[in-house]
Amino acid sequence: MASKATIYDHGVPWEQAYGVTQGYSVNGTIYISGQFSHDMQGTFVGEGDFEVQARRTLENLDRVLAGFNVTRSNIAEIVIYLTNPKEHFEPCVRLFKDYVGQHRPAGTLIGVSGLAFPEQLIEIRAVAHAG
(Lines give C-alpha, C1' and ligand atoms only; values in the text may rest on other atoms or scores of the structure.)
Protein backbone atom coordinates (compact mmCIF):
# COMPACT_ATOMS: atom_id res chain seq x y z
CA MET A 1 0.00 0.00 0.00
CA ALA A 2 1.40 3.40 -1.00
CA SER A 3 1.84 6.01 1.67
CA LYS A 4 0.20 9.41 1.52
CA ALA A 5 2.36 12.17 0.08
CA THR A 6 3.38 15.02 2.34
CA ILE A 7 4.82 18.42 1.44
CA TYR A 8 6.93 21.12 3.04
CA ASP A 9 6.86 24.83 2.19
CA HIS A 10 8.95 27.73 3.50
CA GLY A 11 5.78 29.86 3.54
CA VAL A 12 7.02 32.45 1.07
CA PRO A 13 4.44 34.13 -1.20
CA TRP A 14 5.74 32.81 -4.52
CA GLU A 15 5.30 29.13 -3.60
CA GLN A 16 1.54 29.36 -3.99
CA ALA A 17 1.78 31.85 -6.87
CA TYR A 18 4.05 29.53 -8.91
CA GLY A 19 2.33 26.30 -7.88
CA VAL A 20 5.40 24.64 -6.37
CA THR A 21 6.33 23.14 -3.04
CA GLN A 22 9.82 23.06 -1.55
CA GLY A 23 9.70 19.37 -0.75
CA TYR A 24 7.47 16.45 -1.65
CA SER A 25 7.74 13.14 0.17
CA VAL A 26 6.14 9.89 -0.86
CA ASN A 27 7.00 6.29 0.09
CA GLY A 28 10.09 7.40 2.01
CA THR A 29 11.64 9.44 -0.80
CA ILE A 30 11.88 13.21 -0.43
CA TYR A 31 12.13 15.28 -3.61
CA ILE A 32 13.51 18.74 -2.86
CA SER A 33 12.89 21.61 -5.26
CA GLY A 34 15.76 23.80 -6.36
CA GLN A 35 16.78 25.95 -3.41
CA PHE A 36 18.34 29.37 -3.80
CA SER A 37 19.37 32.37 -1.73
CA HIS A 38 16.30 33.99 -0.17
CA ASP A 39 15.10 34.90 3.28
CA MET A 40 11.89 33.61 4.82
CA GLN A 41 9.93 36.54 3.40
CA GLY A 42 10.97 35.42 -0.10
CA THR A 43 13.42 38.28 -0.72
CA PHE A 44 16.58 37.44 -2.66
CA VAL A 45 19.78 37.61 -0.56
CA GLY A 46 23.44 38.10 -1.56
CA GLU A 47 23.36 39.73 -4.97
CA GLY A 48 26.88 39.55 -6.46
CA ASP A 49 28.31 37.47 -3.59
CA PHE A 50 28.66 33.76 -4.41
CA GLU A 51 29.58 32.63 -0.89
CA VAL A 52 26.61 34.41 0.71
CA GLN A 53 24.28 32.92 -1.90
CA ALA A 54 25.72 29.42 -1.53
CA ARG A 55 25.52 29.45 2.27
CA ARG A 56 21.93 30.77 2.28
CA THR A 57 20.96 28.19 -0.35
CA LEU A 58 22.34 25.40 1.85
CA GLU A 59 20.52 26.85 4.88
CA ASN A 60 17.28 26.72 2.90
CA LEU A 61 18.04 23.12 1.94
CA ASP A 62 18.51 22.35 5.65
CA ARG A 63 15.09 23.91 6.37
CA VAL A 64 13.43 21.55 3.91
CA LEU A 65 15.23 18.53 5.36
CA ALA A 66 14.20 19.59 8.88
CA GLY A 67 10.62 19.94 7.64
CA PHE A 68 10.68 16.18 7.02
CA ASN A 69 12.58 15.46 10.26
CA VAL A 70 15.73 14.31 8.44
CA THR A 71 19.29 15.64 8.22
CA ARG A 72 22.01 16.10 5.63
CA SER A 73 23.01 12.48 6.08
CA ASN A 74 19.66 11.52 4.49
CA ILE A 75 20.57 13.20 1.18
CA ALA A 76 20.92 10.53 -1.52
CA GLU A 77 21.52 12.83 -4.50
CA ILE A 78 22.34 16.49 -4.91
CA VAL A 79 22.41 18.57 -8.09
CA ILE A 80 24.10 21.97 -8.09
CA TYR A 81 23.56 24.52 -10.85
CA LEU A 82 26.11 27.33 -11.28
CA THR A 83 25.87 30.27 -13.65
CA ASN A 84 29.64 30.76 -13.60
CA PRO A 85 31.24 27.34 -13.03
CA LYS A 86 34.68 28.50 -14.12
CA GLU A 87 34.84 31.07 -11.32
CA HIS A 88 32.70 29.33 -8.69
CA PHE A 89 33.64 25.64 -9.03
CA GLU A 90 36.37 25.63 -6.35
CA PRO A 91 34.47 27.67 -3.74
CA CYS A 92 31.37 25.57 -4.43
CA VAL A 93 33.22 22.30 -3.89
CA ARG A 94 34.77 23.62 -0.66
CA LEU A 95 31.38 24.72 0.72
CA PHE A 96 29.73 21.49 -0.41
CA LYS A 97 32.36 19.33 1.31
CA ASP A 98 31.96 21.35 4.52
CA TYR A 99 28.19 20.98 4.24
CA VAL A 100 28.06 17.18 3.79
CA GLY A 101 31.04 16.33 6.03
CA GLN A 102 31.76 12.59 5.93
CA HIS A 103 28.50 11.85 4.11
CA ARG A 104 29.00 11.28 0.38
CA PRO A 105 25.76 11.52 -1.63
CA ALA A 106 25.65 11.13 -5.39
CA GLY A 107 26.28 14.53 -6.93
CA THR A 108 26.18 16.48 -10.15
CA LEU A 109 27.38 20.01 -10.86
CA ILE A 110 25.97 21.69 -13.95
CA GLY A 111 26.97 24.98 -15.54
CA VAL A 112 24.00 26.94 -16.84
CA SER A 113 23.58 30.21 -18.73
CA GLY A 114 21.02 31.52 -16.25
CA LEU A 115 18.65 30.67 -13.43
CA ALA A 116 15.20 31.94 -12.39
CA PHE A 117 16.46 35.31 -11.17
CA PRO A 118 19.08 37.38 -13.02
CA GLU A 119 21.20 37.89 -9.86
CA GLN A 120 21.09 34.18 -8.94
CA LEU A 121 24.49 32.43 -9.10
CA ILE A 122 23.59 29.03 -7.61
CA GLU A 123 20.64 26.67 -7.19
CA ILE A 124 20.64 23.30 -5.47
CA ARG A 125 18.06 20.49 -5.71
CA ALA A 126 18.22 17.17 -3.93
CA VAL A 127 16.64 13.80 -3.28
CA ALA A 128 16.69 12.42 0.24
CA HIS A 129 15.30 9.40 2.07
CA ALA A 130 13.20 9.32 5.20
CA GLY A 131 14.90 6.46 6.99
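Okay, here's what the table says:
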{"read-out": "Filter result (assigned to a helix (DSSP H, G or I) and either of a type in the set (Lys, Arg) or touching a strand residue (DSSP E or B) at 6+ places or on another chain (Cβ under 6 Å) (or both)) within region 28-66", "value": "Gln53, Ala54, Arg55, Arg56, Thr57, Asn60, Leu61, Arg63, Val64"}
{"read-out": "Number of the condition not met by Val26 [criteria: (1) touching a His at 6+ places or on another chain (Cβ under 9 Å); (2) modelled with pLDDT of 95 or more]", "value": "(1)"}
{"read-out": "Options Thr57, Thr21: the member that is more than 30 Å from Glu87 (Cα to Cα) and either buried (at least 20 other Cβ atoms within 10 Å of the Cβ) or in contact with a helix residue (DSSP H, G or I) (Cβ under 9 Å, 6 or more places away or on another chain) (or both)", "value": "Thr21"}
{"read-out": "Among (1) in contact with a Ser or Thr (Cβ under 9 Å, 6 or more places away or on another chain); (2) touching a residue at least 40 places away in the same chain (Cβ under 8 Å); (3) surrounded by fewer than 18 Cβ atoms within 10 Å (Cβ to Cβ); (4) in a helix (DSSP H, G or I), the one test that Glu15 misses", "value": "(2)"}
{"read-out": "Residue satisfying all of: in region 1-20; at pLDDT below 90 and of a type in the set (S, T, N, Q); farthest from Leu61 (Cα to Cα) among these", "value": "Ser3"}
{"read-out": "Flag if Lys86 is outside any loop (DSSP other than H, G, I, E, B) and free of Cβ contacts under 8 Å to residues at least 40 places away in the same chain", "value": "yes"}
{"read-out": "Residue pairs meeting the criteria (Cβ under 7 Å; at least 6 apart or on separate chains; first loosely packed, with under 14 Cβ neighbours inside 10 Å, in region 104-122; second among the hydroxyl-bearing types (Ser, Thr, Tyr) and at pLDDT 95 or above)", "value": "Ile110/Tyr81; Val112/Tyr81; Val112/Thr83; Gly114/Thr83"}
{"read-out": "Scan of region 25-41 for residues that are of a type outside the set (Ser, Thr, Tyr) and under 20 Å from Gly114 (Cβ atoms), ordered by number", "value": "Gly34, Gln35, Phe36, His38"}
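The values are calculated or read from the model by the stated rules, or taken from the named source; none is laboratory data. Values in this document were obtained by computation on a predicted structure and should not be read as measured data. Note that each Cβ is placed from the backbone with ideal geometry, even for glycine, and that neighbours are counted across all protein chains shown.
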